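The values are calculated or read from the model by the stated rules, or taken from the named source; none is laboratory data. Everything quoted here is computed from the prediction, not taken from an experiment. A quick note on method: Cβ atoms are made from the backbone with ideal geometry, for glycine too, and the neighbour counts reach across all protein chains shown.
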Amino acid sequence: MADDFKNETYLGLIEMIGLEKSKVLIDQLLKDLIVAQRDLTKAQSKKSMELLDKCTHVISSLAGTVGVNKIHQLARDVNDQATVRNAPFPKEDVDILLAGLKPWVNFLTSETQKTGSEA
């Protein structure tokens, strides 16, 4: 699943808020994404639909804010599955979501290095 991390929404947001505020935004986005990624891995290992619901909601919100559309949609889809009573744990979709988060974390890490952020 390839996604465009440096998309129109992201670039417009960075331009609108300026360099100093963008450092803060990128730092916080990366920190929140790393926590959500860790929680997603934990939800998968425990097959916890409750934790899956929580972390996919966060991932969907983060991705939607900065225009990472494929991850946003997949996180929403997984979140919908997490809220269905007695549904089987969506392991394959979680695997795909985790695979998509790795390059996004890498992208944000490189962005922190470019802006001098400290995430």
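Remarks
- Complete set of residues in the stretch 94-114 that are under 16 Å from D3 (Cα atoms) and touching an Asp or Glu at 6+ places or on another chain (Cβ under 8 Å): G100, P103, W104
- Pairs are defined by a Cβ separation below 9 Å, a sequence spacing of at least 6 or placement on different chains, a first member in the stretch 40-58 that is touching a residue at least 12 places away in the same chain (Cβ under 8 Å) and aromatic (F, W, Y), and a second member that is surrounded by 16 or more Cβ atoms within 10 Å (Cβ to Cβ) and in a helix (DSSP H, G or I); no pair meets this definition.
- Pairs where the first residue, in the stretch 15-32, is assigned to a helix (DSSP H, G or I) and the second is crowded, with 17+ Cβ neighbours inside 10 Å and small (G, A, S), C-beta under 6 Å, 6+ apart: K23/S117; I26/S117; D27/S117; D27/A119; L30/A119; K31/A119
- L52 being within 18 Å of D3 (Cβ to Cβ), in a helix (DSSP H, G or I) and either modelled with pLDDT of 95 or more or of a type in the set (A, V, I, L, M, F, W, C) (or both): no
- Considered as a group, the residues in the stretch 37-48 that are out of contact with any Ser or Thr (no Cβ under 8 Å at 6 or more places or on another chain) and part of a helix (DSSP H, G or I) include one that is farthest from W104 (Cα to Cα), and that residue is K46.
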